[in-house]
Amino acid sequence: MAALADVRRRAGLTALYLGIVATIWLSVPDDEPPWGVFLVTGSVAALLTAGAGGALLMRSRLEDLLRDTAGDRRYLVILAGELAAAGFGAVLLAVTGRSEYIAVLVAAVVGLHFWPLAPVLRDPALRILAGLVCATALAGLITGMVSTVSPGAVVGSGVGVLLLGYAIGALIRGGLTLRQAHS
């Protein structure tokens, strides 16, 4: 029972965090209708997913789980490294007049940070997400170099959809543990 509650807690956290971050990424592109409608719809879906993840998390917290403080510390170290790398890179790109590529850099850093998080969060599928997010960053870079399409539009919508999809998948996994617990 405790193992299912732990899976539920991690799934709730994943849906909560990635739902919020997906909302932010989906707000990066500055598109008019019809794409703007899809981005707003995606943002609303991401917020609803985050809310459902929060509810799942609260339900698992009510089951008095033991915290993994060592895992929490590793998570915070990885997050701090991600924020430092993305922040430093963004400032460097802004100072050198290449601010249109900030979203590309941030997406690459976000993608890379999922790799060391996979063992910390005991979620090997995060490595697949890492590869997809980095591929999206590369697509944004190439698009920005060879066309007039904004790299931020490619990266923002691409990463937003990937994170939303992963967050929904986490909710489904967490919801399945509720069914198992009541069976």
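Each row is one residue, and each column tells you yes or no for (1) part of a helix (DSSP H, G or I); (2) out of contact with any Leu (no Cβ under 9 Å at 6 or more places or on another chain); (3) in contact (Cβ under 8 Å) with a residue 24 or more places away in the chain; (4) of a type in the set (Gly, Ala, Ser).
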site: TYR75; (1), (2), (3), (4): yes, no, yes, no
site: GLU82; (1), (2), (3), (4): yes, no, yes, no
site: ALA90; (1), (2), (3), (4): yes, no, no, yes
site: ALA94; (1), (2), (3), (4): yes, yes, no, yes
site: ALA103; (1), (2), (3), (4): yes, yes, yes, yes
site: PHE114; (1), (2), (3), (4): yes, no, no, no
site: LEU117; (1), (2), (3), (4): yes, no, yes, no
site: GLY131; (1), (2), (3), (4): yes, yes, no, yes
site: THR136; (1), (2), (3), (4): yes, no, yes, no
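The conditions of being open to solvent by less than 70 Å² (accessible area, probe 1.4 Å), farther than 19 Å from ALA170 by Cβ, modelled with pLDDT under 90 and in a loop (DSSP other than H, G, I, E, B) are not met by ASP64. Remark: pairs (first residue in region 45-57, farther than 16 Å from ARG173 by Cβ; second residue polar (S, T, N, Q) and surrounded by fewer than 15 Cβ atoms within 10 Å (Cβ to Cβ); Cβ separation under 9 Å; 6+ apart in sequence or on different chains) are absent. Only one entry of ALA167, ALA108, ALA118, ALA130 meets the criterion of being open to solvent by less than 60 Å² (accessible area, probe 1.4 Å) and more than 22 Å from GLY53 (Cα to Cα), and that entry is ALA108.
If the condition is being at pLDDT 85 or above and open to solvent by less than 40 Å² (accessible area, probe 1.4 Å), then region 23-51 contributes THR23, TRP25, LEU26, LEU39, GLY42, SER43, ALA45, ALA46, THR49, ALA50. Can you say whether ALA5 is at pLDDT below 85, open to solvent by less than 30 Å² (accessible area, probe 1.4 Å) and closer than 23 Å to PRO124 by Cβ, as far as the supplied structure shows? Here the answer is yes, as ALA5 does meet what is asked. Just checking, does region 140-156 include any residue being open to solvent by less than 20 Å² (accessible area, probe 1.4 Å), within 25 Å of GLY54 (Cβ to Cβ) and at pLDDT below 95? Yes, because at least one residue in region 140-156 is open to solvent by less than 20 Å² (accessible area, probe 1.4 Å), within 25 Å of GLY54 (Cβ to Cβ) and at pLDDT below 95.
The values are calculated or read from the model by the stated rules, or taken from the named source; none is laboratory data. This is a predicted model, so every value here is computed, not measured. Using ideal geometry, Cβ is built from the backbone for each residue, glycine included, and neighbour counts are taken over all protein chains shown. When the accessible area is computed, the model is the full protein with side chains, heavy atoms only, and any ligands, DNA or RNA have been set aside. Shrake-Rupley method; radii C 1.70, N 1.55, O 1.52, S 1.80 Å.
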